[in-house]
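For reference, the structure is listed below as structure tokens.
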Amino acid sequence: MESSNKLLFAFLIVILCLGLSSCKKDETVKPVRFNGSYNRDFNDLNEYHLKSAEILGVELMADREAAEKKKDKLKEVKSNKNYEVEELTHSIPFLVPQALDLLNVIGENFRDSLKNLNAPHYKLFVTSITRTEDDIKRLRKKNTNSTENSAHKYATTFDISWKRYQKDSKRKADLTPEQLKMVLASVLRDLKKEKKCYVKHEKNQGCFHITVRVDE
């Protein structure tokens, strides 16, 4: 009887150790890689963004009052489990349905990619969405690098920060902004290959400039 108890005790110890070992492994984040070039892989010219925007987007809106009249053709962009919409000073949180669908796919794919890496979840930051012509005029006074002929005017285009992310997990493991940028870049490159979007790596603005693409 005593021998049986010892065997049972030893068995429980082994199970406990295996369990602890397994838990420890679960905290290990897999290596994060992006085998590409941000500037080369995400260098779609403004003319491509505009061509798609003019087909899929709404008519140009002079100001916020004009934008109100277009809301029946637009969908509101709201913060959710996958991304945060920043306080917008030079744009409004509305997109055509196809563009909002794309944004949601990016958010879901980013979340799934982190899960596959056994990494904690982080939310993306959407930094700019649809701009009226008045918004663009005000923005150009503040940022001389911004273009007047922007695809943002058509409600087909949005910017996602590659500098900042919001951790949405209690896990102790952390990813650096550069690692998270690599994950996001991998998601966007896959969608580009599927011809779902045009993407421009905005180095100075710290964001990916993204326009939904016309189905081919």
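Some values worked out for this structure:
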read-out	value
Counted residues, the range 47-74 - those being in contact with a helix residue (DSSP H, G or I) (Cβ under 7 Å, 6 or more places away or on another chain) and over 17 Å from T132 (Cβ atoms)	2
Among the residues listed as K123, K200, K153, K192, the single one being part of a helix (DSSP H, G or I), surrounded by fewer than 23 Cβ atoms within 10 Å (Cβ to Cβ) and basic (K, R)	K192
Within the range 92-110, considering residues that are touching a residue at least 60 places away in the same chain (Cβ under 8 Å) and among the β-branched types (V, I, T), the one surrounded by the most Cβ atoms within 10 Å (Cβ to Cβ)	I106
Any hit, the range 64-81, residues being more than 23 Å from the chain's Cα centre (by Cα), surrounded by 20 or more Cβ atoms within 10 Å (Cβ to Cβ) and either part of a loop (DSSP other than H, G, I, E, B) or touching a residue at least 60 places away in the same chain (Cβ under 8 Å) (or both)	yes
Some residue of the range 97-116 being part of a loop (DSSP other than H, G, I, E, B) and either in contact with an Asp or Glu (Cβ under 8 Å, 6 or more places away or on another chain) or of a type outside the set (S, T, Y) (or both)	no
Hey, F34 at pLDDT 95 or above, within 30 Å of D134 (Cα to Cα), under 19 Å from the mean Cα position of the chain (by Cα) and not basic (K, R) or not	no
Test: G57 is of a type in the set (G, A, S), within 22 Å of T176 (Cβ to Cβ) and touching a residue at least 24 places away in the same chain (Cβ under 8 Å)	no
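One line per residue, one yes/no per condition, for (1) buried (at least 22 other Cβ atoms within 10 Å of the Cβ); (2) modelled with pLDDT under 95; (3) touching a Leu at 6+ places or on another chain (Cβ under 8 Å); (4) part of a strand (DSSP E or B):
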site: L139; (1), (2), (3), (4): no, yes, no, no
site: F158; (1), (2), (3), (4): yes, no, yes, yes
site: K170; (1), (2), (3), (4): no, yes, no, no
site: E178; (1), (2), (3), (4): no, no, no, no
site: Q205; (1), (2), (3), (4): no, yes, no, no
site: E216; (1), (2), (3), (4): no, yes, no, no
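The values are calculated or read from the model by the stated rules, or taken from the named source; none is laboratory data. Owing to the predicted nature of the structure, the values given are computational and were not obtained by experimental measurement. Positions of Cβ are generated from backbone atoms using ideal geometry, with glycine treated the same way; all protein chains shown enter the neighbour counts.
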